Each structure stands twice: as C-alpha cells, then as structure tokens.
Amino acid sequence: MIAVSACLAGIPCRYDGGSNYCEAAGLRVALGEALCICPECLGGLSIPREPAEIVGGSAEDVLVGHARVLTKSGVDVTEAFVRGAYAALEFCKTHGIKEAILKAKSPSCGCGMIYDGTFSGHLIAGNGVATTLLRQNGIAVRAECG
C-alpha cells in the first residue's frame, strides 16, 4: 500500500478547490493499491484557501520553528502545515505505508522543487513540509506522475 496526494486522485482539495488528476495515481487508488492523503486538509485548512509558500528557509526550518508558511496576503499558516505533516505521518504509520507519491511544487507535498516564497512562480530546490517529515521518518517520497 502506498499513499498518494488526494488531489492527484482527482479529489478537489487543491488550494483553489480543484484537483491535479493524474491517471496513474487515480488508477492505483481505484485498484486499492493506494490511499489518499492531503496534509493541508489534515492540518485543518479550508477548501478553497489562499495559496501559501514557505518563507525564510526550508521545510526543515519550518519543522524546527525557524521558517514560516505564509499565505499570499501574509497570514501565517505554519501551524496548520506542521499539524498536517504530522497527521500525514501518523496516517502512514497506522496503515503501514512506506512510500508516497505526492504533488510536486506544493509547500506540503513538494518533492525536489518548491516555490521560493515570493509568490512570483519561481521554483527552487527543496521539499514541502509533509514530504520532509515523511522522509525524516523513513517513508520514501517521490513526485507525481511523469
């Protein structure tokens, strides 16, 4: 069993209320090979919600309190992102999940590249908060379909 970002399975939980359907992820869920998670929803964020990015450091820095996750208008949503990452980790532990396919570029699920915190669309090397926590706990994470 693996975990996949819920938006990749077609669940409309993106910040804008949409999804990022990926046929391969959706098929794995339909076949019972994968379970859906959305760390942002698990953290208590609404759908839709304002876009957010990591500001002032990396996801590792967010987890230790040295960087923040802010919305485009400057609202601090760090606590919800951290809470969601820990909830995703607990979900994976509960279900024996050792691998996850998560949404690229997301401040929660990004894997390899995330937005730079300026809301300009510029990408930098890095991972999201949930991806970082999952990896720190031995769960393999890779980016979405492709």
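Observations, loosely collected:
- Residue pairs meeting the criteria (Cβ under 8 Å; at least 6 apart or on separate chains; first farther than 12 Å from Val82 by Cβ, in region 37-60; second in a loop (DSSP other than H, G, I, E, B) and aromatic (Phe, Trp, Tyr)): Ile47/Tyr15; Pro48/Tyr15; Arg49/Tyr15; Glu50/Tyr15; Pro51/Tyr15; Pro51/Phe119; Ala52/Tyr15; Glu53/Phe119
- Boolean, Ile101 is closer than 28 Å to Gly26 by Cβ, among the β-branched types (Val, Ile, Thr), in contact with a Lys or Arg (Cβ under 7 Å, 6 or more places away or on another chain) and buried (at least 19 other Cβ atoms within 10 Å of the Cβ): yes
- Of the listed requirements (1) within 19 Å of Cys22 (Cβ to Cβ); (2) surrounded by 22 or more Cβ atoms within 10 Å (Cβ to Cβ), Ala140 misses just one: (2).
- Looking at Gly96, Gly117, Gly84, just one residue is touching a residue at least 12 places away in the same chain (Cβ under 8 Å), touching a helix residue (DSSP H, G or I) at 6+ places or on another chain (Cβ under 6 Å) and of a type outside the set (A, V, I, L, M), and that residue is Gly84.
- For region 120-139, the set of residues classified as without any contact (Cβ under 8 Å) to a residue 24 or more places away in the chain and either within 22 Å of Arg28 (Cα to Cα) or in a loop (DSSP other than H, G, I, E, B) (or both) consists of Ser120, Gly121, His122, Arg135, listed by residue number.
Since every read-out is calculated from the coordinates, none of them should be taken as a lab result. This one's a predicted model, so the numbers in the text were calculated from it and none came from an experiment. Note: ideal-geometry Cβ built from the backbone for every residue, glycine included; neighbour counts use all protein chains shown.
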